[in-house]
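Take a look at the structure set out below.
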Amino acid sequence: MINTQVRPADLNDHQRLSNLIFFETRSHRHLDWRSPLEWLGEDFFWAVEEGTQLTAALACPEEIKGIAWVRLFVHSGYWSADNAWITLWDAARTDIARAGGTKVAAIVQHSWFQKVLELNGFENRQNIVMLEWSYQPWAAREAAGIRIRKMTEADLPHVTEVDWASFDPLWHNSQETLRRALAQSMFAMVAEDDRGIVGYQVTTGSGARAHLARLAVHPSMQGRGVGKALLGDLFGRLVQNGYLKLSVNTQSDNQTSLKLYQRMGFVRTGDAYPVYTFDVASYS
């Protein structure tokens with residue numbers, strides 16, 4: 001008889017988890033600056049072990065206190081998605097509750113995963129919508145008293161402050177995440193005035209396409225042209241480097257961002273990805 005157990009995954013599981021992710025088609029991976037296996041060694045990462053095999057895994061490490069994104073859910077073919085999730089989620093909810101509770105969240109890219117979440121009490125909070133800009137002549141836009149320059153690692157503490165002031169806690173980026181974003185970026189720029197950094201953008205590139213991964217303007221400076229200045233600067237850099245298309249995503253209920261992007265020539269693609277959350281309460 002094969003012994004089956006759910007246990008915390010650790011660094012020794014790297015190769016077996018890598019094989020599981022590579023060979024199995026039923027896999028959810030968070031859109032992230034880290035690969036799923038880079039989270040090994042963190043809390044809230046579990047695996048199902050059957051004999052010498054790992055047959056399922058769930059990772060939702062809490063990078064920001066109170067928020068735990070589902071970074072990975074994968075299972076072997078003989079499991080159903082529902083059974084694999086229930087097996088792992090029962091252990092996960094217990095461990096998370098004992099650790100003080102948190103909000104578990106997931107961006108759904110596959111209908112099978114959406115069904116699993118809905119069957120287990122997750123609620124659709126909002127949607128992520130996609131927009132795209134294609135090259136078109138634009139008027140250069142400047143904001144009075146604002147300078148645009150390249151982001152450096154020394155800027156990251158202030159960039160993090162802008163990020164946290166600009167977004168709901170669910171969408172906060174840690175300084176470490178922003179460091180990784182900067183390292184992987186094609187263009188990363190900050191907007192500053194005489195007081196310091198008031199906005200930033202991070203853009204990646206692949207092939208002939210570019211993606212605006214993050215744009216933030218401090219609430220105290222919104223409506224003053226900072227976002228338009230950052231985008232205008234970005235458009236110029238893209239065209240100079242042969243990129244004629246730029247994608248971006250934002251929350252369906254973020255009217256400020258949607259209006260800015262549409263005014264700057266972005267159009268909705270029709271693609272949308274639901275965001276689901278589940279509040280795990282602390283054990284009293």
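The values are calculated or read from the model by the stated rules, or taken from the named source; none is laboratory data. Since the structure is predicted, the reported quantities are computational estimates derived from the model, not experimental observations. Methodologically, a virtual Cβ is constructed for each residue, glycine included, from the backbone with ideal geometry; neighbour enumeration extends over all protein chains shown.
Given the condition in contact (Cβ under 8 Å) with a residue 24 or more places away in the chain and under 19 Å from residue 276 (Cα atoms), answer yes or no: does some residue in the range 17-26 qualify?
Yes, the range 17-26 contains at least one residue that is in contact (Cβ under 8 Å) with a residue 24 or more places away in the chain and under 19 Å from residue 276 (Cα atoms).
How many residues are closer than 16 Å to residue 211 by Cα, over 19 Å from the mean Cα position of the chain (by Cα) and among the hydrophobic types (A, V, I, L, M, F, W, C) if we restrict to the range 228-258?
7
So, in the range 109-127, how many residues would count as being touching a residue at least 24 places away in the same chain (Cβ under 8 Å) and in a helix (DSSP H, G or I)?
8
If you scan the range 197-220, which residues turn out to be basic (Lys, Arg) and farther than 14 Å from residue 231 by Cα?
Scanning the range 197-220 gives a single hit, 209.
Residue 32 passes all but one of (1) touching a Phe, Trp or Tyr at 6+ places or on another chain (Cβ under 9 Å); (2) buried (at least 21 other Cβ atoms within 10 Å of the Cβ); which number fails?
Here residue 32 meets the rest and fails (2).
In the range 131-145, how many residues are at pLDDT 95 or above and in contact with a Gly (Cβ under 8 Å, 6 or more places away or on another chain)?
Of the residues in that region, 1 qualify.
Please determine whether any residue of the range 34-45 is in contact (Cβ under 8 Å) with a residue 12 or more places away in the chain, under 30 Å from residue 161 (Cβ atoms), part of a helix (DSSP H, G or I) and out of contact with any His (no Cβ under 9 Å at 6 or more places or on another chain).
So far as the range 34-45 goes, yes, one or more of its residues are in contact (Cβ under 8 Å) with a residue 12 or more places away in the chain, under 30 Å from residue 161 (Cβ atoms), part of a helix (DSSP H, G or I) and out of contact with any His (no Cβ under 9 Å at 6 or more places or on another chain).
Within the range 163-182, track down each residue that is in contact with a helix residue (DSSP H, G or I) (Cβ under 9 Å, 6 or more places away or on another chain) and hydrophobic (A, V, I, L, M, F, W, C).
Within the range 163-182, 165, 171, 178, 182 meet the criteria.
Would you mention how many residues in the range 128-169 are outside any loop (DSSP other than H, G, I, E, B) and under 17 Å from residue 200 (Cβ atoms)?
Going through the range 128-169 one residue at a time, the tally reaches 18.
In the range 91-132, which residue that is of a type in the set (Ser, Thr, Tyr) and within 23 Å of residue 80 (Cβ to Cβ) is surrounded by the fewest Cβ atoms within 10 Å (Cβ to Cβ)?
Looking at the filtered set, the residue picked out is 111.
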